[in-house]
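Visitor: Attaching a single structure in structure tokens format; questions to follow.
The values are calculated or read from the model by the stated rules, or taken from the named source; none is laboratory data. Note that this is a predicted model, so its numbers are computed, not measured. Cβ coordinates were reconstructed from backbone atoms using ideal geometry, including for glycine residues, and neighbour counts include every protein chain displayed.
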């Protein structure tokens, strides 16, 4: 790509504004540190190998977003990260002259990470074993709608990155820090392949026959995370409506990271506890693994874009104004919420019925009948102990009265269920044998209403918080 000066002069200090600055308050700098003038740093930046490498990568980028490859995004992300480290070493983000340059470069790195991840999804989609059945609101098939949305978001990120690249070049020119043109520009082009080079999968290991308990816990946790994903998805404002209030309440970076880590935990647990077992050969479990992977990668994109919005569009006012002109926040949030979040949730929810059918197959189903001791009533405190016992085991348990049942792992769900049967003294619970045995002990000990010292030793964990 050629250099661009499309951006107007930016509201930072000039690289020629200081000569040699006076050594004064160094903030957090150590006693041997000294201030460097902006002109000195421009010269250092101009000859810095990290910037020279990045600009060589930029020279090799296509003009059209559709032509940027997955590997080019990865090389761009890594090169921008190296330059980011160099800039941070000199405190560029805390300097009014260089803050815009530093933040644009960090923005290139951030959005390149998201674009690379979408390229990875598109490249590996056929290996996930994902089955996207049904139709969406528009009447399109689930699969076609997802692939169209994936391509649209990838193009959007490509356009945004190319706009940021133009801004980065303009800033380098303003600062007098544009590196000399590299004679080996093409050497930095990413290698393009339409296939993978793979070693023969000839490692043969005997698969274990156990693992049912861990699979049951995994399936139960999957359902819990899918339910939370549905809750957040269904609270999205309609397209065209302001998205900032929703982001603040439901999808701030910290929450986005929490959702991503929850699904990543499912993936790690599958590979550790399920993949080495004979159960992994079941098509339903392989499909489950594929849906977990796809949802996880989409949540990585959610996290990248939420971070970009909070960090590069809302922290430093000077850089915020520039970057918001290059990458309008509403467009970015639209892709974050209506593409990445929406499809991450849908990918998990589309196999919810299959997961519910699988769960009893890996659970030793039993039922017990318990009666409240004299003087004990099911108010919030004993109901909380019931929910804690069930959550401790990580397996589904239901409380049953007549033909009505509800999950016993939610305090609020238990309160609502028991409230519909206020005169009831005998309840049934059904689920795995291990949590039911602890519930039997809990009722025998008076549900903690006569003191925790009356509870069996096996319920010691209830005393720990």
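Visitor: I'm checking my understanding of the structure. Among residues of the stretch 357-388 that are in contact with a strand residue (DSSP E or B) (Cβ under 6 Å, 6 or more places away or on another chain) and closer than 23 Å to residue 221 by Cβ, which one is surrounded by the most Cβ atoms within 10 Å (Cβ to Cβ)?
Guide: Ranking the qualifying residues of the stretch 357-388, first place goes to 363.
Visitor: Would you point out which residue out of 108, 100, 121 is modelled with pLDDT under 95, in contact with a helix residue (DSSP H, G or I) (Cβ under 8 Å, 6 or more places away or on another chain) and not in a loop (DSSP other than H, G, I, E, B)? Break it down stepwise before answering.
Guide: Working: 108 fails: modelled with pLDDT under 95; 121 fails: modelled with pLDDT under 95.
Step by step, each of 108, 100, 121 is checked, and only 100 is modelled with pLDDT under 95, in contact with a helix residue (DSSP H, G or I) (Cβ under 8 Å, 6 or more places away or on another chain) and not in a loop (DSSP other than H, G, I, E, B).
Visitor: Go through (1) free of Cβ contacts under 8 Å to residues at least 12 places away in the same chain; (2) outside any helix (DSSP H, G or I) one by one and return the number of the condition residue 248 breaks.
Guide: So the condition that residue 248 fails would be (2).
Visitor: Go through 255, 286 for me and flag whichever is under 30 Å from residue 329 (Cβ atoms) and assigned to a helix (DSSP H, G or I). Before the answer, list the steps.
Guide: Numbers: 286 fails: under 30 Å from residue 329 (Cβ atoms).
After ruling out the rest, the residue left standing is 255.
Visitor: Please work out which residue is nearest to residue 360 (Cα to Cα), limiting yourself to the stretch 419-434 and to residues that are buried (at least 19 other Cβ atoms within 10 Å of the Cβ) and modelled with pLDDT of 90 or more.
Guide: Looking at residues that are buried (at least 19 other Cβ atoms within 10 Å of the Cβ) and modelled with pLDDT of 90 or more, I get 429.
Visitor: Scan the stretch 155-180 residue by residue and report those that are farther than 14 Å from residue 54 by Cα and over 31 Å from the mean Cα position of the chain (by Cα).
Guide: Passing the criteria: 170, 171, 173, 174, 175, 176.
Visitor: Now for a different question. Identify, please: which residue in the stretch 128-146 is in a helix (DSSP H, G or I) and without any contact (Cβ under 8 Å) to a residue 24 or more places away in the chain and is, among those, nearest to residue 354 (Cα to Cα)? First the steps, then the outcome.
Guide: Taking the stretch 128-146 first, the residues in a helix (DSSP H, G or I) are 142-146.
Checking the rest, the ones that are also without any contact (Cβ under 8 Å) to a residue 24 or more places away in the chain come to 143-145.
Working: 143: 18, 144: 22, 145: 22 Å.
Selected residue: 143.
Here is a yes/no grid of residues against (1) without any contact (Cβ under 8 Å) to a residue 40 or more places away in the chain; (2) assigned by TED's automatic domain parsing to the domain that holds residue 142; (3) in a loop (DSSP other than H, G, I, E, B); (4) within 30 Å of residue 435 (Cβ to Cβ):
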{"position": "318", "(1), (2), (3), (4)": "no, no, no, no"}
{"position": "330", "(1), (2), (3), (4)": "no, no, no, no"}
{"position": "336", "(1), (2), (3), (4)": "no, no, no, no"}
{"position": "355", "(1), (2), (3), (4)": "no, no, no, yes"}
{"position": "368", "(1), (2), (3), (4)": "no, no, no, yes"}
{"position": "374", "(1), (2), (3), (4)": "yes, no, yes, yes"}
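Visitor: If you don't mind, there's one more thing I want to ask. Run residue 131 past the list (1) surrounded by fewer than 17 Cβ atoms within 10 Å (Cβ to Cβ); (2) out of contact with any helix residue (DSSP H, G or I) (no Cβ under 7 Å at 6 or more places or on another chain) and report the number of the one that doesn't hold.
Guide: (2)
Visitor: Looking at this structure, is residue 269 assigned to a helix (DSSP H, G or I), loosely packed, with under 15 Cβ neighbours inside 10 Å and in the same structural domain as residue 330 (by TED's automatic domain parsing)? Before the answer, list the steps.
Guide: Values: assigned to a helix (DSSP H, G or I): yes; loosely packed, with under 15 Cβ neighbours inside 10 Å: no; in the same structural domain as residue 330 (by TED's automatic domain parsing): yes.
Considered against the rule, which asks whether it is assigned to a helix (DSSP H, G or I), loosely packed, with under 15 Cβ neighbours inside 10 Å and in the same structural domain as residue 330 (by TED's automatic domain parsing), residue 269 comes out as no.
Visitor: Please verify whether residue 308 is under 21 Å from residue 133 (Cβ atoms) and crowded, with 18+ Cβ neighbours inside 10 Å, treating the condition exactly as stated.
Guide: On the way: under 21 Å from residue 133 (Cβ atoms): no; crowded, with 18+ Cβ neighbours inside 10 Å: yes.
No: the conditions fail for residue 308.
Visitor: Further, regarding this structure: Looking at residue 447, is it crowded, with 19+ Cβ neighbours inside 10 Å, on the phi > 0 side of the Ramachandran plot and in a helix (DSSP H, G or I)? Talk me through it step by step, then tell me what you get.
Guide: On the way: crowded, with 19+ Cβ neighbours inside 10 Å: yes; on the phi > 0 side of the Ramachandran plot: yes; in a helix (DSSP H, G or I): yes.
Yes: the conditions hold for residue 447.
Visitor: Something else: State all residues of the stretch 389-411 that are in a loop (DSSP other than H, G, I, E, B) and within 16 Å of residue 223 (Cα to Cα); if no residue qualifies, say none. Full working, then the answer.
Guide: From the stretch 389-411, those in a loop (DSSP other than H, G, I, E, B) are 394-396, 402-403, 408-410; that's our starting set.
Residues satisfying the conditions are 394, 395, 396, 408, 409, 410.
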